[in-house]
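Written below as structure tokens is the structure these notes are about.
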Amino acid sequence: MSGHPVQVIAVTGGKGGVGKSNVSLNLGMCLSEMGRRVVLLDADLGLANLDILLGLTARENISHVLQGQCSMRDILVDGPGGMKIVPASSGTKGMVELGPREHAGLIHAFSELSDDIDVLIIDTAAGISDMVMSFVTAAQETLFVVTNEPTSITDAYAMIKILNQDHDMYRFNIVANMVRSQQEGRDIYAKLTKVTDRFLDVALQFTGCIPFDDYVRKAIQRQKAVVEAYPRSKAALAYRTLANKVDAWPLATTPRGHLEFFVDRLVQGAAAR
């Protein structure tokens with residue numbers, strides 16, 4: 001496997017409906033526009049979402065890679081802004097119940113892409129399943145998407161608690177989504193840190209917020225990323241600010257900075273269960 005440094009970012013949030021896929025998609029496109037070679041993995045392996053969000057038609061997906069019918073490179077779909085999409089399977093129960101061997105095979109398939117990736121963004125499924133935890137604990141950086149709903153904050157806290165106490169993770173990046181103001185975004189972050197500071201030994205970083213913007217809904221209806229469909233919208237500008245922050249994150253130069261570490265950690269995590 002190549003030693004080319006790759007930044008691996010898991011976008012998660014606990015509950016569904018907080019906008020993880022939109023954050024993953026628009027962040028990926030912004031980074032791609034900045035010259036980064038981005039691969040976006042739809043990690044909701046049994047309920048494909050990203051190809052639907054973009055109106056893409058994928059003849060083959062991850063399930064075909066696991067069955068040995070094709071390689072990871074074969075299933076890559078061209079996404080907006082020059083990034084590549086790894087499509088998931090839709091309505092395939094077996095993909096949600098992958099065992100250690102399948103996890104290992106899936107992630108090992110990324111080895112052939114390592115020379116062609118600068119950033120791998122993982123759009124996780126909702127919830128705290130073993131599959132979600134495998135992807136999150138294998139990534140270098142975790143971006144938690146939260147909204148100003150009690151259930152979103154509660155679920156994010158519950159997931160952070162599990163990652164901290166069961167997987168020794170302590171550093172998390174927080175993005176407040178669909179907020180009415182910058183202050184509302186900081187208030188959401190404050191609500192979350194109030195409980196994590198009291199009960200957990202973790203460090204949360206307020207990475208930014210994305211405003212509620214009707215252009216996001218219009219972009220979804222057009223099956224486009226808002227940064228592509230409405231580049232001057234409030235949400236698009238916020239995504240570009242977020243991408244600049246993410247791009248400034250330090251990239252490890254140890255083996256953890258290569259795709260090997262992602263493979264190793266995912267396989268180890270799956271094998272431990």
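Taken together, the values in this text are just the output of simple stated rules run on the coordinates, not laboratory data. Owing to the predicted nature of the structure, the values given are computational and were not obtained by experimental measurement. FYI the Cβ positions are ideal-geometry reconstructions off the backbone, even for glycines, and counts take in every protein chain you see.
Values computed for the structure shown
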| item | result |
| --- | --- |
| Packing-based order for 194-207, 171-184, using average beta carbon neighbours within 10 Å, highest first | 171-184, 194-207 |
| Net charge of neighbours whose Cβ lies under 9 Å from the Cβ of residue 87, counting Lys and Arg as +1 and Asp and Glu as -1 | -3 |
| Gap separating the Cα centres of the range 130-149 and the range 178-220, nearest whole Å | 15 |
| Under 20 Å from the Cα of residue 224 - aspartates and glutamates, other chains or at least 8 residues apart | 33, 42, 44, 51, 78, 123, 213, 214 |
| Estimated distance in nm for a label pair at residue 195 and residue 112, the labels positioned 7 Å out from Cα along Cα-to-Cβ | 4.4 |
| Label-zone membership for the range 193-216, site residue 234, 7 angstrom Cα→C-beta point, backbone N under 17 Å | 208-216 |
